[in-house]
Amino acid sequence: MGKKTSTFDYKTLASFLLPDGILDFFDVTDVSEEHTGKYAETGAEKIKLHIYLDERDTRSDEWHDLK
């Protein structure tokens, strides 16, 4: 099914869904909704939420020359 990018601020929601402290090491770079076309018993469409993360470079200066 189709994917839709939302303007809703999912970064706050991600902070509740992801393990404590993970956003100290990762930035939320994108969030998108995927409409599945499937419906729950309540009649609401099931939507997948994709949260994309990018790892922060939290190394100290002495470690930056390592590859």
Test of understanding: among LYS67, LYS46, which residue is modelled with pLDDT of 90 or more and not small (Gly, Ala, Ser)?
LYS46
Of (1) of a type outside the set (Gly, Ala, Ser); (2) under 14 Å from the mean Cα position of the chain (by Cα); (3) not in a loop (DSSP other than H, G, I, E, B), PRO19 satisfies all except one. Which?
(3)
Could you please find all residues in region 24-67 being of a type in the set (Ser, Thr, Tyr) and part of a strand (DSSP E or B)?
THR29, SER32, THR36, TYR39, TYR52
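The values are calculated or read from the model by the stated rules, or taken from the named source; none is laboratory data. Since the model is a prediction, treat every value here as computed from it, not as a measurement.
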